[in-house]
Amino acid sequence: MPEFDQRFHEIRPYFDEEINEVLQRLTTKPSFYMLMAYLFPEMSGEEVAESFKQIHSSREFQRQYIYRAMKGVSAESTDGLTVSGIEYLDPKRPTLYLSNHRDIILDSAFLNTFLFEQGFETTQIAIGNNLMVSPLVTDLMKLNKSFVVHRDVPRNQLYQYSERLSAYIRTIIQGGESIWLAQKSGRTKDGDDRTHTGLMKMLHITGTNDLKASFRELNIVPMALSYEFEPCDYLKAEELVHIQQGLPYEKDDKLSMIKGIRDYKGRVHMAFAPLINDQLDKLDDIANRNDWVKALCDLIDSHIYRIFRLWPNNYIALDIQENSCRYEKEYSGADKDKFLTYLDSRLNEMKGPPELLRNQLLQIYAAPVKNRETADKPY
């Protein structure tokens, strides 16, 4: 076992030597067989249980089950995944993939599916403890190389939890493994992807006093997932409108996970920006440490805004918001009709003031265009 086993025991994924025991435990749970029947209808429960006896590593579990499940999800709920920026990836470099976050499961899953196909080692995945909604889900997450980020920590314990998480991430990167990490706590629900300074300060807690050297050790590669049809857009809009209006709203993370996987997403694009290490020199003139961290967040955001694939829906939403035709060259009349029909279908599933809900849905799609407009000059 690694030396950090006890210190990080509560948050780490399962070690390979624990995988088989966990899999055998899963085969005693009826709920597990229900899930397998949905994902792999061609396999009987006996076949699943028998195959689990031969799996002794997370990579083998990913190869036999996670990868196949993701290919099925992609085939059934998307019109395909495209990728850009592959030239910025180095299979020998442990990398912190700092990503926008649109879907609970799929953002990191699409990354690991791609890396697996390219022959790269898959990443460890940061996931909030609020998403560990059952022992079955917890086991599956930790089998799939997920580590736990505790959210809503009491203020008097915040530094302790942050320091442990920071140390864990650095330990993993320095040990030669890569990590997927969202640019902020929780998904972007209003379409406005922004890196939180608190996250960057957490990463630095266990770094050196030299900010630039500290972040260079992490090998940050900004990345962006863009979905033609935003996963859980109507749930996100409904939640935001209820909060804005002071109306009661009960968020259901389990429902969001299920809908995010099953609902139609259209085309999906994943993009990578260059490693930011050399660009940190641009921040040398900033003396104030808080200002330096804010400038780092802006740098990362400018990359994400530029590599984010804008779909016709995004341009249509902004033109509708502005009652303009600024971007009419980016879409056809058929594109607009399709999007308006889609908006109406989503509104029919939502509860709350219709006009506010519609405006919030439009904002989810329009925000990436606004961010592209304000991004810095190309790198």
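Rounded, prolate or oblate: pick one for the stretch 221-348, where a ≥ b ≥ c are the square roots of the eigenvalues of its C-alpha gyration tensor, a/c under 1.5 means rounded, and failing that, prolate if a/b is larger than b/c, else oblate.
prolate
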Inset, instruction - Keeping all protein chains in place, calculate the accessible area per residue for the chain (probe 1.4 angstrom), answer in Å². - result: 46 Å²
Inset, instruction - Please work out the Cα center distance from the stretch 320-379 to the stretch 171-197, rounded to the nearest Å. - result: 26 Å
Inset, instruction - Compute the distance in nm between two label points, each set 7 Å from the Cα along the Cα-to-Cβ direction, one at Lys71 and one at Lys212. - result: 4.6 nm
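Indicate the gyration tensor shape class of the chain (rounded, prolate or oblate), computed on the Cα atoms with a ≥ b ≥ c the square roots of the eigenvalues: a/c under 1.5 is rounded; otherwise a/b larger than b/c is prolate and the rest oblate.
Values: a/c = 1.60, a/b = 1.12, b/c = 1.43.
Oblate shape, in that a/c is at least 1.5 and b/c is the bigger or equal ratio.
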Inset, instruction - Kyte-Doolittle cut-off -1.0, length cut-off 18 Å along the helix's own axis using Cα: show which whole DSSP H helices in the chain pass. - result: 158-174, 289-307, 333-347, 354-374
Inset, instruction - Would you look at the GNM of the chain, springs on alpha carbons closer than 10 Å, and say which of Gln360, Gln54, Gln174 moves the most? - result: Gln54
Inset, instruction - Give me the percent of the accessible area of the chain that comes from carbon and sulfur atoms, probe 1.4 Å, all protein chains in place. - result: 50 percent
Legend entry - Whether the stretch 153-205 is rounded, prolate or oblate, judged on the alpha carbon gyration tensor where a/c under 1.5 counts as rounded: oblate
Inset, instruction - Divide by every residue of the chain the summed helix terms, -39500 (n - 2.57) for each DSSP H run of at least 4, and state the resulting mean residue ellipticity at 222 nm, rounded to the nearest 500 deg cm²/dmol. - result: -15000 deg cm²/dmol
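The values are calculated or read from the model by the stated rules, or taken from the named source; none is laboratory data. Keep in mind that what you see is a predicted model, and the values were worked out from it rather than measured. Backbone-built Cβ (ideal geometry, glycine too); neighbour counts: all protein chains shown. Accessible surface areas use protein heavy atoms only, side chains included; no ligands, DNA or RNA. Shrake-Rupley method; radii C 1.70, N 1.55, O 1.52, S 1.80 Å.
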